[in-house]
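K.L.:
Sharing a structure, written as structure tokens. Questions coming.
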Amino acid sequence: MRSNNLFSITFISLVSIFFIISCNKEVYDKIHTPIPQQVRSSYESQAKEKYVEKNFLTQIKYEPDWDRVYQESDSSLFIGINVLDSLEYIRTEQNQNYALAKRMFLTARYYSGSWHFQTNLLIPVKGSRQEAFSGTVITADAFSPRIGYSEYYRGEYINKKMNSIRSGAKVAGTWITTNCRSVTASMGGYSSTTTVCDYIYIESGNGGGSGQPNGPLPEPDPRIPTDAGDGPPNLYKLTKKPSTDPCAGRASVNERANLDSAKLFLNKIVTLTDSVEYAYETFMSSIVHKELQNTPIRTDGIRDEVQWNMKWGDNGLTVGFVHSHPFESAPTPHDLFNGLSGYNQIQPVSQRAVFTEYFSSTIVTENYIYVVTIKDANKWLAMGTNFEEKIQTGIQEYKYLKDDYKNKNPTALQSEAQEFALLTLYKDVVNIYRSNKSGIWDFKPLQLDSSTNKPSSQNCNP
Amino acid sequence: MKFNILAFLLLFAFNCTKAQTYIQGEKVVPLANIVNSEFLSATKRLSMTQAFDIYSQRRSSPLFKKPSDLVGEFWLVDNLLINIVSRELSATRKENFQELRYSSGPQGASTGKYKNQYFDTVKTVNNYNVFISYFFTGNIKSFIVQDKQSRYKLSGTIISTNSDIKKAEVFMDTLLNSITFK
């Protein structure tokens, strides 16, 4: 009941804001105006037909509540939103949590011959009141990646223009975490639940106007890349077909790392040298045309782990997992099997073969970049049965072999010893490619040299 | 005839020498030369053949398939096989123990999610620093020692039977407390 009241108050506050913006029109007598059916039809039609790269706001699971509609005019409506995941919340700089269910709404505007929908999220600041909102309104096109924000102080619209923001873009202002969700992985009786958040930067209001909140700007979160998402369009098409053979697959691995958009993201990860892991996934948005997109770079703020998000469905599927190790280290056994826990859930089933063919796990380390592909899909998938038990055994053996190797080779790097351990344990399951991190990236398959039994790059014949 | 006897004696002497190898490995130095420890004296060391007989019953490693593959020195204390590889730091790589914690443990160990499966710690004992790491269910308990004067690195393992896994964990502290660099 309290929740409903809060929503109502927030909703009314919003309407008040819009009222101010709209030259003080009388609006209260229009609340509960029935929604025109064509607006709902238009929304549902667009939702069905359009697939676009989602931004951090529109990737939240929600649905319009067509019973909570305010029709401002024949061409402007406000629609309530039900957030489907009750765990979703936003966290402000002051570590205050706000449930999205009370803060999100949809707007519908009619222009250029069609209805246009925008999803909005209210982020209040200290001092915001129910009847006079102060804070940021993030507005995203419901069916395009466009996203922007505007700011209010006590109901007044501070910034005259909608400022565009990109997820992860760093300007001057405030970092917030958003799209926090509880992710539970369960395998073989073992389950782990972790809260995962996305980060976004909101430029502080400095566009003039009165009533701007005072005080120093918060320090930017140093963990976030400076301009991830800038540069070439985040879409790249693969032309080289992967192969389970290490040499035959080399061209595909090199293409996938060196295409402009791919390289841009990988370079961002390379430049992040502080003490936590960073990550992003690669999403195949067109299975027919083998087009890939990268998700925004993020961190869970942990030094030796990052959680993965997988997506699948008619619009494509996640096929790549990229992350950094903020210490001298080769891939871990876990790194070879990223995404395995989600494999059996991939729908439609026909996509599973695409997943194993195009799977890649990329690990950026102190000296090298590694790319892992699947050599034997049956063996790789077999790890999924009693995964926790098998990976525990693998991790132990990996440690023992690494220690043995270092004892035998006193000047070996930790990463070399770990490469030896990985190749000893998993050379029949995966292909492991390595490139120097500096200079031109040229990935070559790793092998155990037949004479020295040490890891070495395989010189594949052209 | 004299030649045959001489050849036989030479062969016998050669075999005896091989059987009595107590230290092996690139740039490995005798532990007794650099530390004092009641458990790790030179006279109590196992030969490589003796060590391998025990080692091969408890673990198999592709790097150690025969006695001559083994590295370091070995002792047997209360049925716990102790292997220590001692080197001057200049002959190997100095370890950053905090970094090593992250790259040695299971992924995510720093969050505590593996606290029931894996143990590691960095601490100071006597006149050295030590990084201890092991899986609770594993029969190999590892430690790396670097003396405070940055002269030596010891890479040690306690290899137990599966029934002595807990005993090895308890003995780890006893063993480390017994070690003092000269």
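The values are calculated or read from the model by the stated rules, or taken from the named source; none is laboratory data. Treat the numbers as computed from the prediction; the structure is a model and nothing was measured. Don't worry about glycine lacking a Cβ; one is built from the backbone with ideal geometry, like all the others, and counts go over all protein chains shown.
K.L.:
Can you tell me which residues in the stretch B:144-163 are among the polar types (S, T, N, Q) and within 14 Å of B:Leu76 (Cβ to Cβ)?
P.N.:
B:Thr157, B:Ser160, B:Thr161
K.L.:
Scan the stretch A:333-354 for residues that are surrounded by fewer than 21 Cβ atoms within 10 Å (Cβ to Cβ), closer than 22 Å to A:Ala251 by Cα and touching a strand residue (DSSP E or B) at 6+ places or on another chain (Cβ under 9 Å) and report the count.
P.N.:
Within the stretch A:333-354, residues that are surrounded by fewer than 21 Cβ atoms within 10 Å (Cβ to Cβ), closer than 22 Å to A:Ala251 by Cα and touching a strand residue (DSSP E or B) at 6+ places or on another chain (Cβ under 9 Å) number 1.
K.L.:
Also, I was wondering about something else. Any chance you could count how many residues in the stretch B:143-180 are part of a strand (DSSP E or B) and within 14 Å of chain A (Cβ to nearest Cβ)?
P.N.:
Within the stretch B:143-180, residues that are part of a strand (DSSP E or B) and within 14 Å of chain A (Cβ to nearest Cβ) number 12.
K.L.:
For the stretch B:105-142, which positions are buried (at least 16 other Cβ atoms within 10 Å of the Cβ), out of contact with any strand residue (DSSP E or B) (no Cβ under 7 Å at 6 or more places or on another chain) and either of a type in the set (Lys, Arg) or in a loop (DSSP other than H, G, I, E, B) (or both)?
P.N.:
B:Gln107, B:Gly108, B:Tyr114, B:Gly138
K.L.:
Another question, then. Return the residues of the stretch A:376-411 that are without any contact (Cβ under 8 Å) to a residue 24 or more places away in the chain and touching a helix residue (DSSP H, G or I) at 6+ places or on another chain (Cβ under 7 Å); say none if nothing qualifies.
P.N.:
Hits for the stretch A:376-411 are A:Lys399, A:Lys402, A:Tyr405, A:Lys406, A:Pro410.
K.L.:
Identify the single condition in (1) within 8 Å of chain B (Cβ to nearest Cβ); (2) part of a helix (DSSP H, G or I) that A:Thr411 does not satisfy, given that it satisfies every other one.
P.N.:
So the condition that A:Thr411 fails would be (2).
K.L.:
Check A:Thr393, A:Thr356, A:Thr385 and return the single one that is within 11 Å of another protein chain (Cβ to nearest Cβ) and out of contact with any Lys or Arg (no Cβ under 9 Å at 6 or more places or on another chain).
P.N.:
Criteria check complete, one pass: A:Thr393.
K.L.:
If A:Asp335 satisfies all but one of (1) of a type in the set (Asp, Glu); (2) touching a Phe, Trp or Tyr at 6+ places or on another chain (Cβ under 9 Å); (3) at pLDDT below 90, what's the number of the condition it fails?
P.N.:
Status for A:Asp335: all satisfied but (3).
K.L.:
Would you mention how many residues in the stretch A:414-462 are aliphatic (A, V, I, L, M), in a loop (DSSP other than H, G, I, E, B) and within 27 Å of A:Thr393 (Cα to Cα)?
P.N.:
Number of matching residues: 1.
K.L.:
While we're on this one: Within the set of pairs 6 or more residues apart or between chains, which connect a residue that is within 14 Å of chain B (Cβ to nearest Cβ) and within 21 Å of A:Asn258 (Cα to Cα) inside the stretch A:307-327 to a residue that is of a type in the set (Val, Ile, Thr) and assigned to a loop (DSSP other than H, G, I, E, B) with Cβ atoms less than 6 Å apart?
P.N.:
Listed pairs, sorted by first residue: A:His323/A:Val306; A:His325/A:Thr365.
K.L.:
Among residues belonging to the stretch A:414-453 that are surrounded by 18 or more Cβ atoms within 10 Å (Cβ to Cβ) and hydroxyl-bearing (Ser, Thr, Tyr), point out the one that is nearest to the other protein chains (Cβ to nearest Cβ).
P.N.:
Ranking the qualifying residues of the stretch A:414-453, first place goes to A:Thr424.
K.L.:
State whether the residues of the stretch A:364-377 include one that is in a helix (DSSP H, G or I) and either out of contact with any strand residue (DSSP E or B) (no Cβ under 8 Å at 6 or more places or on another chain) or at pLDDT below 90 (or both).
P.N.:
Yes, the stretch A:364-377 has at least one match.
K.L.:
Oh, and also: Might you let me know whether the stretch B:103-111 holds any residue that is more than 11 Å from every other protein chain (Cβ to nearest Cβ) and either free of Cβ contacts under 8 Å to residues at least 60 places away in the same chain or more than 14 Å from the chain's Cα centre (by Cα) (or both)?
P.N.:
No: the stretch B:103-111 contains no residue that is more than 11 Å from every other protein chain (Cβ to nearest Cβ) and either free of Cβ contacts under 8 Å to residues at least 60 places away in the same chain or more than 14 Å from the chain's Cα centre (by Cα) (or both).
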